[in-house]
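One structure is given below, encoded as structure tokens.
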């Protein structure tokens, strides 16, 4: 029974790693579509969001199946509930990549992000990518220190998010309201992506250490 | 064992109803704080978000305890997983009320929403309130027809959200970028509140009918 549980848990973990990799690839591609007005990249993100949703359903089914067959208790039960939380965060991160792609397409062939804002979005995307990579790593190989780094990454994301508003609200913002609205929403998508990565990381830390950190949301 | 499960499930259901009522009250109060620049109302929403988070933790603890003690299967297990989903949606709806309150406070004593936008936000808040009320009702007394109404409410919310952008992007928008950014974020908060209400409703419908509708997010 114990071996069987371990084998099942391994399958669930692998599904979560697959989700993290899928979400990371989606946000990379969404950023490329956004910053280079690459329509095919944006469309591919939207098409592939269904794959991430499908992985999410697989995780839920596996966990429910496992709860029903094995009736785990204590730390095993906790691992199952944590898997559901992490999967929900990853699924939402996939949605946010999809939102970035859709925002880019809405302005295509014009770029949704003007030249002045490309550096800040490049940096936000870089942090988002690093965070998605770390989630994949800690899911593949639990590492509380690496998971804790996500908090610092999120602080850096918040700083960039503030600096974005600084540019939008500068006296010399030349692009008008529509571009400011796009940038506001895009900024929020990257920032929420980071929040969900932090949440997912906290759940993994809880699983490793048993210590529940306060929610980041 | 069966009676015991029913009694436990009843407690979980009541916690969810309490969450739905708390979230509804929070969004009402947040809207009042927003539209009347009522600082005390906004501050009260922020202070009380912790209560909703606490209810969320109670639901999780109860469900985990119940899974461990009773090892439910089939529809009972499904009810437990559904309760976790609904609680997560409600917790997030509380966060969104908190975000509305914080946006209002950031501009206090100025109103964050100018006179031209007050009607659309009044309408969005009205729909949000109706949706939160319906979630509470279907949790207290399962009703698939009432839950299905949430989809129509969400369509009305989406229409209002579009009309908000229409005002912001009109040639005669007089308020500049900062107010447009606030309105963009506020619009998103109400719209996401509705999305989570739809998700929560779908989970309840699934529980009642066993039919899984496609995700709204």
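No lab work stands behind these numbers, since they all come straight from the coordinates. On a predicted model such as this, the values are computed, not experimentally measured, just so you know. Cβ placement follows ideal geometry from the backbone for every residue including glycine, while neighbour counts extend to all protein chains displayed.
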Acute angle (nearest 10 degrees) that the helix A:176-209 long axis makes with the longest principal axis of chain A, alpha-carbon atoms: 20
The range A:1-113 - percent relative contact order, Cα under 8 Å, separation 6 or more: 43
For chain A: relative contact order, % (alpha-carbon pairs under 8 angstrom, 6 or more apart): 27
Rounded, prolate or oblate (a/c below 1.5 giving rounded, otherwise prolate when a/b exceeds b/c) for the range A:108-176 by Cα gyration tensor: oblate
Label point 7 Å beyond Cα along the C-beta direction, distances from residue B:65 to other copies (nm, shortest first): 3.2
Most fluctuating residue given options B:90, B:117, B:35, as computed from a GNM of chain B linking Cα atoms under 10 Å: B:117
Virtual spin-label span in nm between residue A:156 and residue A:178, 7 Å along Cα→Cβ: 3.5
Most mobile listed residue (B:30, B:71, B:197) in chain B, GNM with C-alpha springs under 10 Å: B:71
Crossing angle, helix B:118-140 versus chain B [Cα axis fit, 0-90 degrees, rounded to tens]: 10
C-alpha long axis of helix B:39-70 to longest principal axis of chain B, angle in °: 20
Mean separation of Cα contacts under 8 Å (6+ apart) over length of the range A:94-187, as relative contact order %: 38
Per-pair calculated FRET efficiency, R0 = 45 Å: residue A:149 and residue A:171 via Cβ, rounded to 0.05: 0.75
Full-extension gain in nm, residue B:122 to residue B:140, via 0.36 nm per residue minus C-alpha separation: 3.8 nm
Modelled FRET efficiency - R0 45 Å, residue A:133 with residue B:2, Cβ distances, 0.05 increments: 0.40
Solvent-free Debye scattering, log10 I(q)/I(0), computed from the Cα coordinates of the protein assembly as shown at q = 0.07, 0.10, 0.12 Å⁻¹: -0.34, -0.71, -1.04
Residue of A:116, A:60, A:133 that the Gaussian network model of chain A assigns the largest fluctuation, springs spanning Cα pairs under 10 Å: A:116
Residue exposure sequence - B:113, B:23, B:120 - by fewest surrounding Cβ within 10 Å: B:120, B:113, B:23
Cα coordinate range in chain B, projected on the principal axes (Å, largest first): 65, 33, 21
